[in-house]
Amino acid sequence: MIDSVTVSRILDAAQIYDVVSDFVSLRKRGANFVGLCPFHDDTTPSFYVSPAKGFCKCFACGKGGNAVGFIMEHEQLDYPGALRYLAKKYGIEIQERELSDDEKRAQNERESLFIVNQYANDYFHDTLLNNPEGRSIGLAYFRSRGFRDDIIEKFHLGFSLEQWDAFAKTALAKGYQRDFLIKTGLCFENGDKSLTDRFRGRAMFPIYTLSGKVVGFSGRVLSKQTKGVAQKYVNSPDSEVYHKSNELFGIYQARTAISRHDVCYIVEGQTDVISMFQCGIEHVVAPLGTALTEQQIKVIHRLTDNVVLLNDGDEAGIHATLKDVELLLKEDMNVKICLLPDKEDPDSFARKHNSEEFKAYIDTHSTDLIRFQINLFEQGADKGPGKRAELVQTIVNSIACIKSDITRDVYIRDAAQLLKTEDRLIVQEVAKARNRLKEEKKTEQAREQARQERLNVQEAPAEVVPAPEPEVVSPQVQALDAPNPFYVYERQIIQVVVRYGERRFGEAVPREDGLAAPLSVIEFVQSELEIDGLCFRTPLFSKIMSEGMAHMLDDDFVAERYFINHPDSDISALSIDLCSERYQLSKYHSKNQKIQKDEERLEELVPKLTLNYKYAIVKDMERQKLRELTDPAVMNDVERCNDIMNQIKDLRDLLARMSHLLGDRVVVLH
């Protein structure tokens, strides 16, 4: 783990202009620089770099970030990887923090496994190119598939000799420990303690992480003696560095193209990926011989929201497609489905067509889930009422998986139109399906909790814990799981927190350390929220507030710098947006009064924003009470009706006082 001092040195050294100009031609425009965006097909310069603020942003596609964020996006690296990239650029020696003995052992073992895998990758590749057996069997196989030499090099394909322990002997002779040869799964130990190569006689496909580390291999059987075996491909077993369900074949080679095209093609196997890549379609990956997993989708989601499933058109391919679509929808991905012609797979189709022809076919034949399922129904022999009802239920179950309310609503409307039925019927059925999913999730959580409790009982003696007293929760907090009607107001406050959080204003007040000083912006906002028992409903805003308070007394804390350079990409991206937006509380000013910058009027600005936020909350409470009065049960209950009317009077009195304080700068959104 990189220690905080070294991270600070890297962030201080990494000037945004220097970093971006390595990849983008920039020209000066005022205080900033501008160029063509590297993240989309930009024809007019829309990519701005602000040396003063230390970040870049495309005002067309929205991508950008600080120096670290830019490198993460452009080079498709994780946060530590981007830091190491910048450290190398600026000649900064990486200082890792002192680890515990257990951490050191675990870290050393992981690094050793990576080193052994990289050695094996180079060994298999060299065997393919320079060993007579490798050339006559392995290289001949790849060339029979039509793979060019540059593609073989690009994917670093290899060959493992038929000899039982050829790799093991060579690796041990080079000084690699047998323990690590076993833990990577490259070899396994026999009863007599000898080692046997797992992948002997196989064409080797190395498996890379998104950042380019070799974590495992997939080997295809080639030798004549093993023809007809049930298991054509063998993958590395799970290890400390490799988990089959987490990795995608081709993701390292495809990462830049996926980001550039903003779409990922998902195919079934390794040769499909390589053939499409050679054809000129580089934004393509494959799961490793299994159904698509949630972890694999998250890797793709880092690069794009859009996927196209390219599967065979046979029954097995259709079944796999439907399972994958449901999982992708659960992860809020935009999914298209494209079935290839009969008896074709992506490998064979790519060898017969160039990239333009292949892309044209995908564009023409891609369809969304609903149309895909309806097409399957239309192609079936049985189109009776029972089958149609089954189709509707299948579509409803798929739509119910979608998390986004907007996306789900679009699918519902499309389904109703295509199925020639009423929207409300689909809405009702989707609601029922979502309730079933919630109940299933609750049941599963209850089972897991019960399992954990059983484990805890076995590990520790039972303890009697008094039941907690009922908690009094404000109406604002009770509605936390509802859509947030106060997002705009919260965002305005968080904007000044991010931009000026450490700035102090107003009169001095006693601090915890016994000294007196004016409150900072962060401290003022926090105290105003606590006075009325409020908290932000937007989780990201709450996280920013809590971190700001935690670091407020740090000597070198500057809110804008801290949040822009935050390792959480969501916080960093939001902070860059907030710092790049123009912001004014009000355009009101007198003719003779100079318009002040925001930082010059924090004493007026921050209290106004917090009061405006509270005004909106109270106004919403008033609306809720007025709606209660329209309830016939309330109207027929004189005592309850009077009580609500008194509450409304109190709320209106409070609104009048708040309105007087706000003057003509109150903003209420309806």
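The values are calculated or read from the model by the stated rules, or taken from the named source; none is laboratory data. Everything numeric here is computed off the predicted structure, so don't read it as measured data. Here the Cβ positions follow ideal geometry from the backbone for every residue, glycine too, while neighbour counts run over all protein chains shown. Protein only, heavy atoms only, side chains kept; ligands, DNA and RNA dropped before computing areas. Shrake-Rupley method; radii C 1.70, N 1.55, O 1.52, S 1.80 Å.
List of remarks:
- For the range 23-96, the carbon plus sulfur part of the accessible surface works out to 53%, probe radius 1.4 Å.
- If the segment from residue 36 to residue 352 were pulled out straight at 0.36 nm per residue, it would be longer than the present Cα-Cα gap by 110.2 nm.
- The modelled label-to-label distance for the pair residue 553/residue 577, using points 7 Å beyond Cα in the direction of Cβ, is 3.4 nm.
- Stretchable slack from residue 420 to residue 443, in nm (0.36 nm times residue separation minus alpha-carbon distance): 4.7 nm
- Shape category assigned to the range 74-224 from the gyration tensor of Cα positions, a/c cut at 1.5: oblate
- DSSP-defined antiparallel bridges as percent of all bridges, the chain, nearest 5: 75 percent
- Tensor-based shape of the range 30-152 (alpha-carbon gyration tensor, a/c under 1.5 rounded, otherwise prolate or oblate): oblate
- Sorting 414, 12, 347 on solvent-accessible area from highest to lowest, probe radius 1.4 Å, gives 12, 414, 347.
- Segment residue 27-residue 12, length gained on full extension (0.36 nm per residue, minus Cα span): 3.1 nm
- Per-residue SASA remark: residue 635, around 120 Å² accessible (1.4 Å probe; ligands, DNA and RNA not included).
- Gyration tensor (alpha-carbon) shape descriptor, the range 141-190, a/c threshold 1.5: prolate
- Residues 264, 279, 535 ordered from highest to lowest accessible area at a 1.4 Å probe: 535, 279, 264.
- Within the accessible area of the range 344-424 (1.4 Å probe), percent carbon and sulfur: 49 percent
- Backbone N within the range 542-572 under 11 Å of label point (7 Å from residue 535 Cα along the Cβ vector): 542-543, 546
- Efficiency of FRET between residue 211 and residue 3 - r from beta-carbon atoms, R0 22 angstrom, step 0.05: 0.60
- Measuring only protein heavy atoms, the 1.4 Å probe finds residue 249 accessible over about 10 Å².
- Helix-only mean residue ellipticity at 222 nm for the chain, each DSSP H run of n ≥ 4 adding -39500 (n - 2.57), per residue, nearest 500: -16500 deg cm²/dmol
- Per residue, the chain exposes 54 Å² of solvent-accessible protein surface, assessed with a 1.4 angstrom probe and all protein chains in place.
- Relative contact order %, the chain, counting alpha carbon pairs below 8 Å whose residues are six or more apart: 7 percent
- Candidate values (1) 79, 72, 51; (2) 90, 71, 68; (3) 103, 57, 47, label of the one derived for Cα extents along the principal axes in Å: (2)
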